[in-house]
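Report on one structure; see the data block that follows.
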């Protein structure tokens, strides 16, 4: 089960299509989603989480708290809508494309993918690209 929560004045349209896309992508990875929460927030909200739980004093686009057990994915993924907007502008992509990438990035971490070293980062980006290509809302 995936639930979407909003701590800012943003809301995903056609939410069920986004949810289905994440579920199907993880099925492709051999994973099931038991309980996943996406929490959409602003920079200040995510900064406070970053400070409180990770002892980092800087803005970020996504923070995940992974409670997964083997192939059953569970946890919370916090996403700063403001960072998504800025990233999209900097990368020359649509807001929806960047949002989808970051949503997928978060859940791929829960699925076991890493991005700390160059080889892992390359694989993570490749997986993001693979699943972005399957998302029909981005092709419209």
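Just so you know, all these numbers are worked out from the coordinates, no wet-lab data involved. On a predicted model such as this, the values are computed, not experimentally measured, just so you know. Using ideal geometry, Cβ is built from the backbone for each residue, glycine included, and neighbour counts are taken over all protein chains shown.
When DSSP beta bridges are limited to those with both residues in the chain, what percentage is antiparallel, rounded to the nearest 5? So the antiparallel bridges amount to about 30 percent of the total.
Length gained on full extension, residue 119 to residue 69, computed as 0.36 nm times the residue gap minus the Cα-Cα distance: 15.5 nm.
Of the peptides 99-106, 39-46, the order by per-residue mean of other Cβ atoms within 10 Å, starting with the highest, comes out as 99-106, 39-46. Multiplying the residue separation of residue 15 and residue 133 by 0.36 nm and removing their Cα-Cα distance gives an extension gain of 40.7 nm. Taking the DSSP bridge list for region 4-85 and keeping only pairs wholly inside it, about 35 percent are antiparallel. The structure shown yields Rg/Rh (Cα atoms, Kirkwood Rh), and of the options [x] 0.97; [y] 1.43; [z] 0.93 that calculated value carries the label [z].
For region 2-138, averaging the sequence separation of C-alpha pairs within contact (under 8 Å, six or more residues apart) and dividing by the residue count gives a relative contact order of 21 percent.
Gyration tensor analysis over the Cα atoms of region 64-140 returns equivalent ellipsoid semi-axes of 21, 14, 13 Å (largest first, whole Å).
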